[in-house]
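Structure record follows, encoded as structure tokens.
The values are calculated or read from the model by the stated rules, or taken from the named source; none is laboratory data. Quantities reported herein were computed from a predicted structural model and do not represent experimental measurements. Ideal geometry is used to build each Cβ from the backbone, glycine not excepted, and the neighbour counts take in all protein chains shown.
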Amino acid sequence: MLLRFLLLCLFAVVRLASAENLKISTTDLDWLKGCWEGGANGTQFAEHWMKPAGQTMLGMSRTVAGGKTVEFEFMQIRQEDDGEIYFIANPSGQKEARFKLINAAAREVVFENPTHDFPQRIIYRSESVDVLLGRIEGTIKGKDKAVDFPMKRTLCD
């Protein structure tokens, strides 16, 4: 019984600590602004993020393979009036999807929508001012899947 009580207390403390970490605004995501490029296996991808303003960051991405645009996406990171922050994706040929910020640390954010088909999580992590890792994760037909998008800062032209 005492062990159960201690575990419940520990769980409550961890949940409270996590909630405290999420008291951020879009201005805290300033490290994401700018132009980023990466590529692998003949595919090039790029993301451009505007600086935070008006509780919003606007972004866009493009993937080019074989000299043609094969995917594009318009994105927002938006802080709602209740303080919650969402990643809103408008990918080419698909309906808009919203992912709620569930974790934030210095230079890392995790957004999640467990009801979305794939991905269910979107992660951005930056270990330095010139390197950004975008990652999407989730399950497809019950199998875990993750795709990494390592990018380097580039000039916005």
Worksheet item: Within region 35-48, which residues are at pLDDT below 95 and either assigned to a strand (DSSP E or B) or under 17 Å from residue 74 (Cβ atoms) (or both)?
Response: 40
Worksheet item: Would it be correct to say that residue 125 is of a type outside the set (S, T, N, Q), in contact with a Phe, Trp or Tyr (Cβ under 8 Å, 6 or more places away or on another chain) and under 27 Å from residue 42 (Cα atoms)?
Response: no
Worksheet item: Name the residues in region 108-129 that are more than 8 Å from the chain's Cα centre (by Cα) and not in a loop (DSSP other than H, G, I, E, B), would you?
Response: 108, 112, 125, 126, 127, 128
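Among residues belonging to region 73-88 that are more than 16 Å from the chain's Cα centre (by Cα) and not small (Gly, Ala, Ser), point out the one that is surrounded by the most Cβ atoms within 10 Å (Cβ to Cβ).
First, pick out the residues of region 73-88 that are more than 16 Å from the chain's Cα centre (by Cα): 80-83.
Applying the additional criterion that residues be not small (Gly, Ala, Ser) yields 80-82.
On the way: 80: 10, 81: 6, 82: 5.
Here the residue is 80.
Taking residue 22, is it modelled with pLDDT of 95 or more, within 23 Å of residue 127 (Cα to Cα) and not charged (D, E, K, R)?
On the way: modelled with pLDDT of 95 or more: no; within 23 Å of residue 127 (Cα to Cα): yes; not charged (D, E, K, R): yes.
Considered against the rule, which asks whether it is modelled with pLDDT of 95 or more, within 23 Å of residue 127 (Cα to Cα) and not charged (D, E, K, R), residue 22 comes out as no.
Quick check on my filter: what residues within region 118-154 are acidic (Asp, Glu) and modelled with pLDDT of 95 or more? Outline the logic, then answer.
In the first step, residues of region 118-154 are kept if they are acidic (Asp, Glu); the result is 127, 130, 137, 144, 148.
Within region 118-154, 130, 137, 144, 148 meet the criteria.
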Practice prompt. Would you point out which residue out of 63, 69, 56 is at pLDDT 95 or above and within 22 Å of residue 103 (Cα to Cα)?
Written response: 56
Discussion item. Among the listed residues 32, 101, 16, identify the single one that is among the hydrophobic types (A, V, I, L, M, F, W, C) and at pLDDT below 95.
Written reply: 16
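Identify, from the list 83, 38, 34, the residue that is at positive phi and touching a strand residue (DSSP E or B) at 6+ places or on another chain (Cβ under 8 Å).
On the way: 83 fails: touching a strand residue (DSSP E or B) at 6+ places or on another chain (Cβ under 8 Å); 38 fails: at positive phi.
Unique residue meeting the criteria: 34.
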Worksheet item: Tell me, which residue of region 98-107 that is assigned to a strand (DSSP E or B) and in contact with a helix residue (DSSP H, G or I) (Cβ under 8 Å, 6 or more places away or on another chain) is farthest from residue 140 (Cα to Cα)?
Response: 105
Worksheet item: If only one of 51, 95 is in contact with a Lys or Arg (Cβ under 6 Å, 6 or more places away or on another chain) and not in a strand (DSSP E or B), which one is it?
Response: 51
